[in-house]
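Asks: To start, I am sharing the structure in question, which I have written as structure tokens.
The values are calculated or read from the model by the stated rules, or taken from the named source; none is laboratory data. Given the structure is predicted, the values throughout are model-derived calculations rather than measurements. Cβ: placed from backbone, ideal geometry, glycine included. Neighbour counts: every protein chain shown. In case anyone asks, the SASA skips ligands and DNA or RNA and just uses the protein heavy atoms, side chains included. Shrake-Rupley method; radii C 1.70, N 1.55, O 1.52, S 1.80 Å.
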Amino acid sequence: ATATATKKKKKLHRKKTHQGLIRYIRRQVTMTSKRKSNMLSLLALLPTTSAFYVPGVRPLTFSEGDEVPLKVNSMTSIKTQLPKDYYRLPFCQPSGGPKMASENLGEFLTGNKIQSSPYTLNMLRDKYCQVLCQVIPDE
């Protein structure tokens with residue numbers, strides 16, 4: 001009789017533990033959903049904005065026909081890994097010579113030599129083959 005009484009006590013204990021666990025989980029879920037609803041209420045009070053930002057680069061907006069600046073960078077070789085100034089090669093230069101056009105300090109520190117170019121581009125305007133200049137390379 002004592003063995004069956006012990007089995008009944010263990011079974012009752014497991015059942016109570018199981019029921020207690022279920023109650024605990026229900027309480028946590030209820031509290032979590034209350035927290036979520038409170039958080040959503042707070043978020044709804046915040047003003048909404050829409051933004052896109054790349055650190056160090058200011059965003060530009062262009063309308064149809066606006067001139068879009070085209071810039072050039074230094075050239076690198078897969079053989080030497082040494083950068084060469086774009087205009088040391090026989091490419092057309094802008095009138096008045098190329099001007100430095102670095103966007104931020106990081107470009108300067110990494111050695112990017114970004115300069116102006118003679119090419120003209122306009123937003124949403126097609127442009128087909130146009131002679132920019134003629135250069136005869138030295139031998």
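Asks: From (1) open to solvent by 80 Å² or more (accessible area, probe 1.4 Å); (2) more than 22 Å from the chain's Cα centre (by Cα); (3) at pLDDT below 75, pick out the condition that doesn't hold for Q28.
Replies: (1)
Asks: For region 111-139, which residues satisfy the criterion of being open to solvent by 100 Å² or more (accessible area, probe 1.4 Å) and free of Cβ contacts under 8 Å to residues at least 60 places away in the same chain? Before you say what the answer is, go through the steps one by one.
Replies: Within region 111-139, the first condition is being open to solvent by 100 Å² or more (accessible area, probe 1.4 Å), and the residues that meet it are 124-131, 134, 136, 138-139.
The answer is D126, K127, Y128, C129, Q130, V131, Q134, I136, D138, E139.
Asks: Spot the failing condition for G106; the list is (1) surrounded by fewer than 13 Cβ atoms within 10 Å (Cβ to Cβ); (2) in a loop (DSSP other than H, G, I, E, B), and only one is missed.
Replies: (2) is the only condition that G106 fails.
Asks: List the pairs whose first member sits in region 89-105 and is within 14 Å of L132 (Cβ to Cβ) and touching a residue at least 24 places away in the same chain (Cβ under 8 Å), whose second member is of a type in the set (A, V, I, L, M) and open to solvent by less than 80 Å² (accessible area, probe 1.4 Å), and whose Cβ atoms are under 7 Å apart, counting only residues at least 6 apart or on separate chains?
Replies: Going by the 7 Å Cβ cut-off, the qualifying pairs are P90/V135; C92/L132; C92/V135.
Asks: Can you work out which of the residues in region 85-103 that are charged (D, E, K, R) and at pLDDT 85 or above is most open to solvent (accessible area, probe 1.4 Å)?
Replies: Of the residues in region 85-103, the ones charged (D, E, K, R) are 85, 88, 99, 103.
So of that shortlist, the ones also at pLDDT 85 or above come out as 85, 88, 99.
Values: D85: 34, R88: 176, K99: 118 Å².
The residue in question is R88.
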